[in-house]
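Below: one structure, written as structure tokens.
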Amino acid sequence: MDRKIYLDNASTTYVSNEVLNEMLPCFNMIYGNAGSLHSFGRSSVAVLDKARDRIKEAINAKKSSEIYFTSGGTEADNWAVIGIAHAYANKGKHIITSQIEHHAVLNACHYLEKEGYQVTYLPVDETGLVNITELLHAIKKGTTLISIMAVNNEVGTIQNIKTIAKIAHDYDVVFHSDAVQAIGNLNINVQDMEIDALSISGHKIHGPKGVGALYVKSGVKIDPITFGGDSQERGKRAGTENVAGIAGLGKAVETACRNQALTSRKLKSTRDYFVEKLTEKVEYFQINGHKHQKSNAILNVSFYGVEGESLLMLLDLAGICVSTSSACTSKSLLPSHVLKAMKVPDEIAQGSIRFSFGINTSKSDIDYVVEEIRKAVNKLRAISPVQPGRF
């Protein structure tokens, strides 16, 4: 059977027809440089303005001018962390983040440490939640930025963003959140949640790759980290704007946020059915992440006595696409830094698979996937039998 089932939507998604149709005119009709003053340039600016307005409405920002376009979530995270840290350097050089952030945030923090900044990496509990008491203890004179992701990309745990943001503001600290996995899965309202800066990526929500956005609340200072044309993105982000990609991003964000409630219910039904069938068919596994406070789109499962990479390859041979961790680190043989921070033992963490569901994932797909998991797990355990007493 030549069957293909894609359960790696947290890594990337296909471009929807709605988004594609929005982009197509920008390749051969509206192709002017948005920095040009002539009519072709102005037509491209109109596309950017429309996308900015769509994102502003979708996340309930106050002004469209608070939306800046980037090359993706990684640049948005890098810029938020480094740009805000630099902008407030005269106030202090202390940053707070968590141990389970995406490497786009963690490596930006490591970069700042080389510049003399101090970074506190907050631990998380076994469910992946940041401890609020630990956060309060970490804030000190000179703390200028707190960066905590909304939804973890590996286990799906949802952080208490509104509470964390309020604490940050109680101490006059800027709050940034990586919302790459949250857009379309959670109702994101930057005003209600008191978010100062928010990172978005197009390709996680059926938009194109290579484009993203950073929301920066009016009044929050941020320095540029790329240099070139002073007129591009209001002097904050240099580089010729990716007009087609930005058109697609705007439509993708609008669509994802508009359909969020419906999508969330569908994904929850799919995830719950998967867990039900997996429990019936497969022995000795654990689900990582918070039991209730988690994204419906992501399920991280550790299969005892099985190596994750071997299981992934057997599933791939059966036409099933999954991941052992985030796509940015999936080629590393080291245990996931997220599961390590959650104190999942290495021998269990190494048997972990991330299943990330899509709106088109059917019950028939799940039935097939679970049966193939059962066969693959049994095959691997026949080589190295699991010892239930150890777990």
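Values computed for the structure shown
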{"quantity": "Computed [θ] at 222 nm, deg cm²/dmol, the chain (DSSP H ≥ 4; -39,500 (n - 2.57); rounded to nearest 500)", "calculated": "-11500 deg cm²/dmol"}
{"quantity": "Of all DSSP beta bridges in region 17-258, antiparallel share, percent nearest 5", "calculated": "40 percent"}
{"quantity": "Between helix 39-59 and the chain: long-axis angle, C-alpha atoms, 0 to 90°, nearest 10", "calculated": "50 degrees"}
{"quantity": "Between helix 308-317 and the chain: long-axis angle, C-alpha atoms, 0 to 90°, nearest 10", "calculated": "90 degrees"}
{"quantity": "Listed residues Phe274, Phe357, Phe69, most fluctuating in the chain (Gaussian network, C-alpha, under 10 Å)", "calculated": "Phe274"}
{"quantity": "Folded to 0 to 90 degrees: helix 161-170 orientation relative to the chain principal axis, Cα", "calculated": "40 degrees"}
{"quantity": "Calculated over region 345-388: convex hull of Cα atoms, volume per residue (Å³)", "calculated": "88 Å³"}
{"quantity": "Mean Cα-pair separation over length for the chain, i.e. relative contact order, pairs under 8 Å, 6 or more apart, %", "calculated": "23 percent"}
{"quantity": "Entries of Lys56/Lys251; Lys93/Lys166; Lys204/Lys266; Lys62/Lys209; Lys162/Lys340; Lys91/Lys221 with Cα pairs more than 19 Å apart", "calculated": "Lys93/Lys166; Lys62/Lys209; Lys162/Lys340"}
{"quantity": "Å³ per residue enclosed by the Cα convex hull of the chain", "calculated": "138 Å³"}
{"quantity": "Order by protection proxy (mean Cβ within 10 Å, highest first), peptides 222-232, 370-380", "calculated": "370-380, 222-232"}
{"quantity": "Low-density loop positions, trypsin sites (Lys or Arg not before Pro), region 264-314 - DSSP coil, at most 10 other Cβ in 10 Å", "calculated": "Lys291"}
{"quantity": "Gaussian network model of the chain, Cα within-10 Å springs - most flexible of Thr120, Thr163, Thr12", "calculated": "Thr163"}
{"quantity": "For region 181-232 versus region 35-114, the gap between their alpha-carbon centres in whole angstrom", "calculated": "5 Å"}
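Taken together, the values in this text are just the output of simple stated rules run on the coordinates, not laboratory data. Keep in mind the model is a prediction, meaning the values are calculated, not measured. Cβ sites come from the backbone with ideal geometry, for glycine too, and all protein chains shown count toward neighbours.
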